[in-house]
Every structure is written in structure tokens, then in C-alpha cells.
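As C-alpha cells, the structure follows; a few thoughts come after it.
The values are calculated or read from the model by the stated rules, or taken from the named source; none is laboratory data. On a predicted model such as this, the values are computed, not experimentally measured, just so you know. Reconstructed Cβ throughout: ideal geometry from the backbone, glycine too, with neighbour counts over all protein chains shown.
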Amino acid sequence: MAERGREFYKMCGSGNDFVFFDARDQAPGALETPELIQRMCARGTGIGADGVVFLERSAAATVGLRYFNSDGSPASLCGNATLCTARLAVELGAADPSGFTIATDAGVMAARFRDARPEIDFAPVQELTADAPVRSGAAERRIGYARAGVPHLVVEVPDIEAVPLASRGRELRFDAALRDGANVNFVAPGPDGAWYMRTYERGVEGETLACGTGAVATAAVLGAWGAADGPATTIVTRSGRPLVITRGAAGRGPSLAGEGRIVFVGRLREVE
Ligand SMILES: N[C@@H](CCC[C@H](N)C(=O)O)C(=O)O
């Protein structure tokens, strides 16, 4: 394999995990083919991850990234991968933690570190509706939709543990009413005033332990439902690690703060 020996960073954003390559001076080559992305992301036979990220130079920002889901499909934005990119950029000395910018396929995002945690600024959420054009299922109170760089359905349920996520998530993910399909986020109020979320993720085609764009979309839909009107919304992810969405000033998008952690550094050998 031509990429044998290539260094990678295994990173985690609240349980959403990724294989990162520093592609600023070494092009990805075959690493960005769907076949190799799928093999690297495979749990058990590969490295195991929800997606692959290439850190790149950018004429428009401090650094750039390109994101691929574990099935090899590209996505215009991944919130947790962008939080991880912020961490890696500072770790590599490519960014000043007090403030820098990250170019994504959904646009350039401002980033900074607050209390040692990365925070990124989203563009205003698009296509927000409190009543998505899909039929509610059993024990589903309401369904909204928003595009936070990528499309998301948001389904309120009374009990987050009782959600038939694999079956119902897949059904909604491919609902014919949604042009590009969508990620599906189930959300339920917690006893502590936070909201608990589980996600069936497009391009992973299964549950992931956290979804950053999903948390931003969920906060926007909760606001549209009148269920979250404070300056900040805390979303407890399936890993138990919180994501915090802070409302933007008038005309500006929200900010997302969360985890961006380097778990280990490795070198590719045989990815079969
Ligand atoms: N988990 C990611 C979302 C990544 C993109 C998504 N799978 C899609 O294809 O829409 C996040 O943290 O936002």
C-alpha cells in the first residue's frame, strides 16, 4: 500500500471519532478513495472511526479541512471534526488558540479556545422548520428540520432510551420527502434541564456517540418549538459528554463548544 507508514491522528469529539491526516504538505493520494476510507474506518479490521479528515492549507483561512463519512461519502460539514481540527491546528503550531479560522466545504468558520475547549462559529442555520414534512411515529411528539451545514431531522421523544434508533432512524434518514436524505436526531428532556440526544448519522448509516451539526440543528429546532429560549443550550450526547450551543448575536449563527481530543498518533501499516 503506497500510504504505508503514513502518520495519522486518532481524534475524538465527544465520542464521534475520526482518523486525521495532516495533508498540508503531503497530498492524500489514495487515502481519499472510498475504498480506503471504508477500510480505515472499519471497526475491528481497520483503525475504526466515524470519518476521515484531511487537514489542509487554505488561502481563505488559517487552516482548512475536508471531511469524509465512514462510508466514503464527503460531507460539507462535520461539527465534531471541526472542533477536532481546531485542536490539531493548535497542537501543530498552525493556529493561535485565542482566535483563528477554519475553511470547510460549508464556508469559513471562526474558532477559538475557551477554558481549554474548542469553540467554532456556525453560519445561521438554514431551512429551519418546526414541523418537518415527515410523518411522526409512535411515541414521537414532534419532528423539526434544519440545515446546519448538513441536513438534520430532529425528533422529540419522551424516553431517549426507548428509541428504536436503528430501524426508525434509518426509515427517517431515507424519507422520500427529504431531497438529500438527512441525519436523524432523537431528543428528550432530561431531569437536569439539559436535553439528551441520540443520532442516526448519514454516511455512517448507524448511531454515532455524538453529532456536532446535529446538536446545532437540535438547538435551533428546540428554539423554533419554544422549548429552549435561553442564551445557551446544553445537549448531552450519547457518550454523556456535553455539547454547548450558544446563540449568536442578531443575524449571526450559533457557536458550538465541545471536545476535541487527540487519542493517539499512529502510522498506517496494513489496512485490509
Ligand atoms: N457527526 C458529524 C456530522 C458529519 C456529517 C454527516 N454524517 C452528514 O453526512 O451529514 C457532526 O459532528 O456534525
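Values for this structure:
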read-out: Qualifying residue in the range 260-272 (condition: of a type in the set (Gly, Ala, Ser) and crowded, with 20+ Cβ neighbours inside 10 Å); value: yes
read-out: Any hit, the range 29-48, residues being among the acidic types (Asp, Glu), outside the structural domain of Asn183 (by TED's automatic domain parsing), in a loop (DSSP other than H, G, I, E, B) and more than 16 Å from the ligand (Cβ to nearest atom); value: no
read-out: Test: residue in the range 49-56 that is surrounded by fewer than 17 Cβ atoms within 10 Å (Cβ to Cβ) and of a type in the set (D, E, K, R); value: no
read-out: Subset tally (residues that are within 16 Å of the ligand (Cβ to nearest atom) and in a helix (DSSP H, G or I)) for the range 80-108; value: 9
read-out: Restricting the range 121-168 to residues that are of a type in the set (D, E, K, R) and either within 16 Å of the ligand (Cβ to nearest atom) or not assigned by TED's automatic domain parsing to the domain that holds Ala188 (or both), the residue that is surrounded by the fewest Cβ atoms within 10 Å (Cβ to Cβ); value: Glu127
read-out: Residue check for Thr234: more than 11 Å from the ligand (Cβ to nearest atom), in a strand (DSSP E or B) and either out of contact with any helix residue (DSSP H, G or I) (no Cβ under 6 Å at 6 or more places or on another chain) or at pLDDT 95 or above (or both); value: yes
read-out: Some residue of the range 58-79 being surrounded by 20 or more Cβ atoms within 10 Å (Cβ to Cβ), in a helix (DSSP H, G or I) and within 16 Å of the ligand (Cβ to nearest atom); value: yes
read-out: Residue count for the range 193-206, restricted to those that are within 11 Å of the ligand (Cβ to nearest atom) and either assigned by TED's automatic domain parsing to the domain that holds Gly72 or among the charged types (D, E, K, R) (or both); value: 3
read-out: Subset of the range 14-28 (residues that are in a loop (DSSP other than H, G, I, E, B) and at negative phi); value: Ala23, Arg24, Asp25, Gln26, Ala27, Pro28
read-out: Any hit, the range 89-97, residues being under 15 Å from the mean Cα position of the chain (by Cα), surrounded by 17 or more Cβ atoms within 10 Å (Cβ to Cβ) and free of Cβ contacts under 8 Å to residues at least 40 places away in the same chain; value: no
